[in-house]
Amino acid sequence: MSLDRYADAARRALAGERAGLITDTDRLGAVHYAGEDVPAEMAATSLGCGNPVAVADLHPGETVLDLGSGGGLDVLLSARRVGPAGRAIGLDATEEMLTLARRHAAQAGVTNAEFVHGTIERIPLPDASVDVVISNCVIALSPDKPAAFGEIARVLRPGGRLGITDILAAETLTDAERAAGTAECLGGALTADGYRALLRNARLTGIDVRFTHEVGDKLHSAIIRASRPAPVRVVPMTAAHAEQVLAILQAGLDTGDASFETTAPDWPDWDAAHLPAHRFTALGADGDVLGWTAVTGVSSRCVYGGVVEHSVYVHPDARGRGVGRALLEALIASTEAAGVWTVQSGVFPENSASRKLHERAGFREVGVRRRIGYHHGRWRDVVLIERRSTVVGQATPIQP
């Protein structure tokens with residue numbers, strides 16, 4: 001939809017005329033707000049494909065940002081739900097719609113709402129400044145969706161969430177059908193898989209994409225939920241973490257790309273195999289273990305006293321949340337404080353996520369040991385990785 005056409009619709013509404021943007025009122029617009037106390041003049045300018053306020057599960061005191069707020073309907077409903085202690089912000093790219101929305105808010109007596117000018121690809125708000133982002137059939141129209149999702153992740157507070165409705169394309173939609181289509185959102189509508197991929201790339205988690213109803217040929221309205229991960233808390237590992245530590249280990253072994261081992265040991269055997277120092281767990285907001293790291297010695301010879309071999313495992317549901325990086329940072333700080341100068345390990349070449357994680361944490365790949373072990377019916381190579389401390393073991397020892 002062109003901004004000129006969108007602005008013209010706002011001008012018509014300001015003049016008391018029909019906005020004229022939606023003809024299919026059975027599947028789009030105010031039909032999705034049944035049961036809500038919606039002023040008639042605001043319902044007439046509703047251009048969405050759902051009701052994101054019903055999706056977002058808003059709570060009193062929260063700050064909510066509506067992307068592409070249009071006539072302000074979703075901002076009004078959000079303001080009511082978050083109450084006087086909360087705040088509802090509408091963002092729109094046209095001054096005409098902002099003028100219309102401000103008039104609607106004033107008519108409704110809403111005092112905890114505000115409207116700002118800007119685009120969803122460059123949101124004019126500080127980092128980590130909102131609890132919830134909502135939107136109604138807007139992101140499909142964005143010319144730069146990665147930027148939009150990146151901005152959403154930026155402005156959300158840790159633990160904040162996304163609850164939107166949008167138009168998605170069926171997986172069977174071809175490029176030729178996109179090019180030939182007349183629906184304005186057809187060319188830019190993502191598939192469900194495409195939506196999930198961009199949300200993951202923006203480091204959002206808890207992603208849930210669900211179709212609700214058809215709005216056109218191979219076009220569907222959908223509810224999309226996601227969240228910005230809460231901060232990860234790294235603490236020393238204790239026996240109280242044992243059950244979850246071993247469960248995460250087994251989940252890693254089940255992938256077939258974490259270790260030559262296939263079955264996690266019991267806790268006494270695991271405990272005996274790892275050094276008492278440098279054991280850490282990453283905990284979520286609810287106290288559950290999201291991942292762990294620990295080390296073993298590489299040799300009983302004194303010259304290897306500053307060398308350890310490490311393991312790091314992350315729960316499958318916590319991947320992409322910075323858990324592995326937080327664990328490695330804690331491990332590096334702990335080992336360096338104890339005079340360890342080299343942390344090393346072996347990684348299967350196919351485990352690209354682990355290799356990238358370690359590269360970002362300052363590890364280097366030393367080389368590859370070819371066909372070192374037979375595992376799950378095939379010979380496996382192992383990439384040797386190590387991190388040499390920049391603060392420990394740098395001085396040349398004095399020779400006797």
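For the reader, a short list of remarks on this structure follows.
- Average accessible area per residue (Å²) across the stretch 86-132 - probe 1.4 Å, nucleic acids and ligands excluded: 43
- Accessible surface of the stretch 255-400 [probe 1.4 Å, protein heavy atoms]: carbon and sulfur percent: 50
- Table column - 3J(HN,Hα) (Hz), the stretch 192-200, Karplus curve with 6.51, -1.76, 1.60, x for Gly and Pro: 4, 5, x, 4, 4, 4, 5, 5, 5
- Asp288 paired with Ala272, simple spin-label distance in nm, labels 7 Å along Cα-to-beta-carbon: 3.2
- Proximity of backbone amide H atoms, modeled 1.01 Å from N, is registered between Phe115 and Gly90 at under 5 Å, excluding neighbours fewer than 5 places apart on the same chain.
- Distribution of pairwise C-alpha distances over the stretch 245-400, 10 Å bins, in %: 10, 38, 38, 11, 2, 0
- Per residue solvent-accessible surface (Å²) - the stretch 309-365, probe of 1.4 Å: 47
- All-pairs Cα distance distribution in the stretch 351-393, expressed in whole percent, bin size 10 Å: 25, 42, 26, 6, 1
- Estimated FRET transfer efficiency (Thr255, Ala85; beta-carbon r; R0 60 Å; 0.05): 0.85
- The listed residues Cys302, Cys137, once ranked by accessible area (1.4 Å probe) with the largest placed first, stand as Cys302, Cys137.
- Within the accessible area of the stretch 88-164, the carbon and sulfur atoms contribute 54%, probe 1.4 Å, all protein chains present.
- Packing-based ranking, highest mean first, of 284-297, 346-359, 377-390 given that Cβ atoms within 10 Å are counted: 284-297, 346-359, 377-390
- Heavy atoms of Asp127 accessible to a 1.4 Å probe, total area in Å² rounded to 10: 100
- ³J(HN,Hα) computed for each position of the stretch 138-150 - Karplus, 6.51 cos²θ - 1.76 cosθ + 1.60, integer Hz, glycine/proline x: 10, 4, 4, 8, 5, x, 9, 5, x, 5, 5, 5, x
- Local electrostatic count, Ile332, Cβ distance below 13 Å [Lys/Arg +1, Asp/Glu -1]: +1
- Global geometry of the stretch 316-369, whether rounded, prolate or oblate, following the gyration tensor of its Cα atoms and the 1.5 cut on a/c: oblate
- For a label point 7 Å along the Cα-to-beta-carbon line of Cys302, residues of the stretch 324-355 with backbone N under 18 Å: 339-341
- Lys218 contributes an accessible area of around 50 Å² to the protein surface, as traced by a 1.4 Å probe with all chains present.
- Solvent exposure ordering (accessible area, 1.4 Å, most first) of Tyr304, Tyr374, Tyr313, Tyr195: Tyr374, Tyr304, Tyr313, Tyr195
- Cα-based Rg of the stretch 85-172 normalised by 2.2 N^0.38 Å, two decimals: 1.16
The values are calculated or read from the model by the stated rules, or taken from the named source; none is laboratory data. Quantities reported herein were computed from a predicted structural model and do not represent experimental measurements. FYI the Cβ positions are ideal-geometry reconstructions off the backbone, even for glycines, and counts take in every protein chain you see. We work out accessible area using only protein heavy atoms, side chains counted, and drop any ligands, DNA or RNA first. Shrake-Rupley method; radii C 1.70, N 1.55, O 1.52, S 1.80 Å.
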